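Notes follow the structure.
The values are calculated or read from the model by the stated rules, or taken from the named source; none is laboratory data. These figures come from a predicted structure and were not determined experimentally. Glycine gets a Cβ as well: all are built from the backbone with ideal geometry, and neighbour counts include every protein chain shown. Ligands, DNA and RNA are excluded from the accessible area calculation, which covers all protein heavy atoms including side chains. Shrake-Rupley method; radii C 1.70, N 1.55, O 1.52, S 1.80 Å.
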Amino acid sequence: MASLVDETEGEWTNDDFVSFSAVQDDDDEPDQGENDEATTSCSVLPPWMSQPSEPYINPLVRLHNEIVDFCSLMEPRPSELRQREKLVKRFTRLAESCFEGCKVNVFGSQATGLLLPTSDIDITVVLKESEDEATTKDKKDKKKTDKDQGLQDQEDMENWNIMSTSSSKSPLRTLASALRSEWIDDLKYLEVIENTRVPLVKFITTEGLAMDISFNQENGPKAALLMKTFLQAMPPLRPLTFVLKYYLASRGLNEPYSGGIGSYMLQLMIVSFLQHRERDSYNNRRPSVYNLGSLLVEFMELYGFDFNYFTTGISVRHDGMYFPKGAHDRKEAFLIPNRLFSLAMENPLDPAMDVGKPSFKMFLIQRAFDTSFKSLLAHVAEPIIPALSILGVILPASSEMHQRAGQVENASKDQAQSTESSDVKSPKKKRQRFN
């Protein structure tokens, strides 16, 4: 897949993504007619842009800058993180009162830091009985291969859920009852979702914080640690995750239990894309240019146009590879006979598990990627269709986002006034120190 960025563009000097400065050459002076061109899409500035970009800037650089600004707007603020941590501590006390000796583990975007303001808090409650059974089982099954162990763990989890949810002492029902009785004034939504591969309790507080609670999902915290490793090795992973998570959430395609793509699967898709792109650059002796605009367009191209969902599976192990879904040692776990158009995504922590199996809306997601790729391409490739915001072509701005932009602007003004005030007072303090 050809890169959309010229190889002569500068490389990154550090791991932090910053906006490119707009430097205009004399030869690049735009004609008056170009400035007066009417935009054909996204004619209103989105909340992440404070002013329009100069028309002479390369459109992929403009898109890169918008992604940087979008992440700056949507990344969690310290006060929001404290609010979430407070809720986790309160829930931990409730879980410990319901299930003696249990462990409450946070995973997902809350653990990796890849969370939007509306992201759920993912928690798994590991019951003491399950821990004891797992210890006994490990002693008996020491000689099992990784594949056999993965299949057995998945089967045990499914059996445990079936037995538990059919019992009057179901941990799902026990927890839901405790939430109803003790948090009744603090909840505006509560649901027990049992008819899914991983049953869970989902609730939303009156403050708007959502939490998904599962039981005995010990791979969740391990997946968070793995993703932190990828984040350190792949700087583009973080901003691409922010943009694509919001992209899917705005279309209602971000919940696995309703057929969408969850955060973990999305991050694995991005990791695989970056792995193969880096390998392609190395094999063709091209420098790796981390322009976020180019990466976003190429991601949409891969999963919306190029990737063969019928025959190909994805693994991020061994620096990334593809495999045939119908291979003798793969088809049992990754080939779904009644749903051949699916994204087979190997779980790197359990190679026998398909992370993409719950995503039964993959055809709809692929069509969305394809449409977005063509929309972006119209604004970054010749003949270019002008737009005030290129990212705004595929990301709808919500009222909450506008409100957030206003809050960030007010906070910046308050901080600036505080800094000016301290600068005025500082000379007096210095004189007093020497008296």
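Brief remarks on what is shown
- For region 180-194, the candidate set comprises residues that are in contact (Cβ under 8 Å) with a residue 24 or more places away in the chain and under 28 Å from the mean Cα position of the chain (by Cα); within that set, the residue that is least open to solvent (accessible area, probe 1.4 Å) is I193.
- Region 221-265, residues that are part of a loop (DSSP other than H, G, I, E, B) and of a type in the set (G, A, S): S250, G252, G259, G260, G262
- Residue in region 93-115 that is open to solvent by less than 10 Å² (accessible area, probe 1.4 Å) and not in a helix (DSSP H, G or I) present: yes
Condition check ((1) over 17 Å from G320 (Cβ atoms); (2) open to solvent by 40 Å² or more (accessible area, probe 1.4 Å)) across all residues:
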| residue | (1), (2) |
| --- | --- |
| I213 | yes, no |
| Q232 | no, yes |
| K245 | yes, no |
| L248 | yes, no |
| L266 | no, no |
| L274 | no, no |
| D280 | no, yes |
| V297 | yes, no |
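- Residues of region 195-211 satisfying the condition of being surrounded by 16 or more Cβ atoms within 10 Å (Cβ to Cβ) and more than 21 Å from R90 (Cα to Cα): V198, P199
- Near pairs, Cβ below 7 angstrom, 6+ apart or cross-chain, from region 86-111 (touching a residue at least 60 places away in the same chain (Cβ under 8 Å)) to any residue that is open to solvent by less than 30 Å² (accessible area, probe 1.4 Å) and part of a loop (DSSP other than H, G, I, E, B): L87/L209; A95/C102; F99/L127; S109/L115; S109/S119
- Residue within region 337-346 that is open to solvent by 10 Å² or more (accessible area, probe 1.4 Å), in contact with a strand residue (DSSP E or B) (Cβ under 9 Å, 6 or more places away or on another chain), at pLDDT below 95 and within 17 Å of G259 (Cα to Cα) present: no
- Residue count, region 356-380 (criterion: part of a loop (DSSP other than H, G, I, E, B) and in contact with a Gly (Cβ under 8 Å, 6 or more places away or on another chain)): 4
- Members of region 318-336 found to be in contact with a strand residue (DSSP E or B) (Cβ under 7 Å, 6 or more places away or on another chain) and either open to solvent by less than 50 Å² (accessible area, probe 1.4 Å) or basic (K, R) (or both), listed by number: F323, K325, R330, A333, F334
- Screening T124 against (1) farther than 25 Å from G260 by Cβ; (2) polar (S, T, N, Q); (3) at pLDDT 85 or above leaves a single unmet condition, (1).
- All positions within region 56-81 that are touching a helix residue (DSSP H, G or I) at 6+ places or on another chain (Cβ under 8 Å) and among the hydroxyl-bearing types (S, T, Y): Y56
- Residues of region 300-315 that are without any contact (Cβ under 8 Å) to a residue 60 or more places away in the chain and open to solvent by less than 10 Å² (accessible area, probe 1.4 Å): Y309, G313, I314, S315.
- Residue among D36, D31 that alone is over 30 Å from E409 (Cβ atoms) and at pLDDT below 90: D31
Results for (1) within 16 Å of E66 (Cβ to Cβ); (2) surrounded by 11 or more Cβ atoms within 10 Å (Cβ to Cβ); (3) at pLDDT 65 or above, shown as yes or no for each residue.
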residue: V393; (1), (2), (3): yes, yes, yes
residue: P396; (1), (2), (3): yes, yes, yes
residue: E400; (1), (2), (3): no, yes, yes
residue: A411; (1), (2), (3): no, yes, yes
residue: Q415; (1), (2), (3): no, no, no
residue: T419; (1), (2), (3): no, no, no
residue: S422; (1), (2), (3): no, no, no
residue: S426; (1), (2), (3): no, no, no
residue: K429; (1), (2), (3): no, no, no
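- For region 323-346, residues that are touching a residue at least 40 places away in the same chain (Cβ under 8 Å) and assigned to a strand (DSSP E or B) total 1.
- Subset of region 41-72 [more than 16 Å from G293 (Cα to Cα) and crowded, with 17+ Cβ neighbours inside 10 Å]: C42, P46, P47
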